[in-house]
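Notes for the one structure printed next.
The values are calculated or read from the model by the stated rules, or taken from the named source; none is laboratory data. Because the structure is a prediction, the values reported are computed rather than measured. Neighbour counts run over all protein chains shown; Cβ positions are idealised from the backbone, glycine included. Accessible surface areas use protein heavy atoms only, side chains included; no ligands, DNA or RNA. Shrake-Rupley method; radii C 1.70, N 1.55, O 1.52, S 1.80 Å.
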Amino acid sequence: MNDDVSIADSQIDSIALGASGPVVLARPSGFLVWRDCAFADALLDFATSERVATQVARQLLSGCLYSSWNTSPSTAEIPEDRMRRYVYSLCSMYQTTHVTPATLRRAKRRFLELGDVATAAFVEHKAVEETNHDILALRDLKAMGLPGEELVARIIPQRARSLVTLFDELAATDLPYGVLGYIYVLERVALRTTREDIDTIRHLAPDGVNITRCVVVHSAEGADATHVAEIIDYIGTLPRELRAIACRAVYRAGAMISADNAADPARWALDRLLDEWEWQPFRGIAH
């Protein structure tokens, strides 16, 4: 048997997600989550190596994300008014994508100060990958007859605001490895958007009008599957203490994404603004 395979098969890793949070135990074939367990602290002794194989890291991160969900997050929510809900989602995507390159580069400077050249190079690579994705959201809004820059300046969805604040906080810490967990969550959740979901959105627009540039890039149809694999591999190479920081960021970001967002004031602000503008999508364009 290949030595690498046998080592990976025997690996176990565990992480406590905060002082009162659950404990996740991962092995190559799956993960277990303990909440309010009397012997949860003892589970933290289950770690067979400082660094873990990719399949163990994949299960560990999946367990951290799963344990954070209040409800199963959906990226394909269809509202009463589908077009307005899609405009709202584009405003959200703009906010998170707009800050990503600069926030990662802020973390990169700290990694260089720490002497961690490898992680600095990795986050720079991610910053390059994510550059100009905010422009895609603006182009989609423009295709729907909206002034994108003015709209995203006035409409900031609550969930996006919380995520941006968390991302900034993670990048500002002395050990900013949490940014890796944050990026993992956003890219992993993006994979839940399928080709069928994208086709549903495409059918909202007339033929020849592209309103899905941003959502395609952040979906199972884009490059995010490759991006998720890359970040899982990288987090698995981190020392256990630093891997734990990334995992706890997964838990925090996942909880924000799964939180109930139905009462977001930005929804009502968007409706009022679109009514004020007397917006009618694709006015004069035959469907």
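Figures for the structure shown
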{"read-out": "Yes/no for R248 being open to solvent by less than 60 Å² (accessible area, probe 1.4 Å), basic (K, R) and assigned to a helix (DSSP H, G or I)", "value": "no"}
{"read-out": "Residue match in the stretch 266-286 (condition: in contact (Cβ under 8 Å) with a residue 24 or more places away in the chain and over 21 Å from L151 (Cβ atoms))", "value": "yes"}
{"read-out": "In the stretch 251-268, the residues that are open to solvent by 30 Å² or more (accessible area, probe 1.4 Å) and closer than 22 Å to R85 by Cβ", "value": "M256, A259, D260, A262, A263, P265, R267, W268"}
{"read-out": "Residue that is farthest from Q95 (Cα to Cα), among those in the stretch 116-136 that are assigned to a helix (DSSP H, G or I) and charged (D, E, K, R)", "value": "E124"}
{"read-out": "Single unsatisfied condition, V5 versus (1) at pLDDT below 75; (2) outside any loop (DSSP other than H, G, I, E, B); (3) under 23 Å from G254 (Cβ atoms)", "value": "(3)"}
{"read-out": "A137, sole failed condition from (1) open to solvent by less than 10 Å² (accessible area, probe 1.4 Å); (2) within 29 Å of R240 (Cβ to Cβ)", "value": "(2)"}
{"read-out": "Complete set of residues in the stretch 208-228 that are surrounded by fewer than 18 Cβ atoms within 10 Å (Cβ to Cβ) and either touching a His at 6+ places or on another chain (Cβ under 8 Å) or part of a helix (DSSP H, G or I) (or both)", "value": "R213, A225, T226"}
{"read-out": "Residue within the stretch 185-192 that is of a type outside the set (S, T, Y), part of a helix (DSSP H, G or I) and either open to solvent by 50 Å² or more (accessible area, probe 1.4 Å) or more than 28 Å from A143 (Cα to Cα) (or both) present", "value": "yes"}
{"read-out": "Qualifying residue in the stretch 159-171 (condition: acidic (D, E) and either under 20 Å from the mean Cα position of the chain (by Cα) or in a loop (DSSP other than H, G, I, E, B) (or both))", "value": "yes"}
{"read-out": "Residue identified as closer than 30 Å to D207 by Cβ and within 22 Å of the chain's Cα centre (by Cα) among A266, A246, A225", "value": "A225"}
{"read-out": "Which numbered condition A205 misses (of (1) open to solvent by 50 Å² or more (accessible area, probe 1.4 Å); (2) in contact (Cβ under 8 Å) with a residue 12 or more places away in the chain; (3) over 26 Å from A118 (Cβ atoms); (4) among the small types (G, A, S))", "value": "(1)"}
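The rows are residues; the columns are (1) open to solvent by 70 Å² or more (accessible area, probe 1.4 Å); (2) at pLDDT 75 or above.
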position	(1), (2)
L44	no, no
E50	yes, no
T54	no, yes
M93	no, yes
T100	no, yes
A107	no, yes
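Okay, residues lined up against (1) modelled with pLDDT under 95; (2) more than 27 Å from A269 (Cβ to Cβ):
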position	(1), (2)
D140	no, no
L151	no, no
S162	no, no
Y177	no, yes
R188	yes, yes
T194	yes, yes
P206	yes, yes
